[in-house]
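A quick write-up on the structure given underneath.
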Amino acid sequence: MSPRAIGFLIFFATLLLYVAATVIADRPDLIWDEARYKWFATSLTQGTYCTPEKPDVINGPGYPLVLAPLIAAGAPLIVLRGLNALFMALAALFSFRAVLPYAGQKWALGVSLLTALLLPPTLVTGFFGMNTGGLPFAAEDHGTALAFAAMAGAAIAVFIWLQSRGFFKR
C-alpha cells in the first residue's frame, strides 16, 4: 500500500474513531474546560478577547479563534466537540508524514497509531486530573496507585496490540 493511501486510511480511521467517541459521549452541558474556551470564542465574536472584569489571558487565542466562526454561525455543541476529532485525526496523519521520511513506513505507521491510540491513558489522566468530588478511587487508601494502574494498563494494552501486529519487529 502506498504511503499516501496509508495516510488517508490513518486519517479517516482516526476521524471515525473520535467522531464515534464524540457522539457516544455527547451531553448537553459544558464539561471540563469547554465553558472557558466557549466564553473566549464568544468574546471574540463580539470584538474582544477578555474584559476588564475578567482579564484572564492564561489561554492563548488560538483555539478560541478556531471556535469563533462556528459559534458565530450558531453551531451546536456537538459540532464544536467534533472539531477535536478532526484535530486528532490530523495529528495522527501529521505523525505518520513527519516520521515517514526518516524511519520508513513501518515506524511511521507505528508512531501514528500510537498517536491515535494513546487516547485511553490520556483520558484516564485527564479524568483523574479533575478537581471534583465523586471520582473513582478518591475514597480509597491507594486511589492514586489504582488510577496509575488503570493508566499503565491502558498503555500496556496498546503496546501489546501493536506488538501482536508486528510493529516492533525489524
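The values are calculated or read from the model by the stated rules, or taken from the named source; none is laboratory data. Nothing here was measured: the structure is a model prediction, and the numbers come from that model.
Out of curiosity, is Leu93 more than 30 Å from Trp107 (Cα to Cα), modelled with pLDDT of 85 or more and not small (Gly, Ala, Ser)? Criteria not met by Leu93. Among the residues of segment 25-81, those that are β-branched (Val, Ile, Thr) and assigned to a helix (DSSP H, G or I) comprise Thr42, Thr45, Val66, Ile71, Ile78, Val79. Answer yes or no as to whether Thr14 is in the same structural domain as Leu86 (by TED's automatic domain parsing), among the polar types (S, T, N, Q) and not in a loop (DSSP other than H, G, I, E, B). The answer is yes for Thr14.
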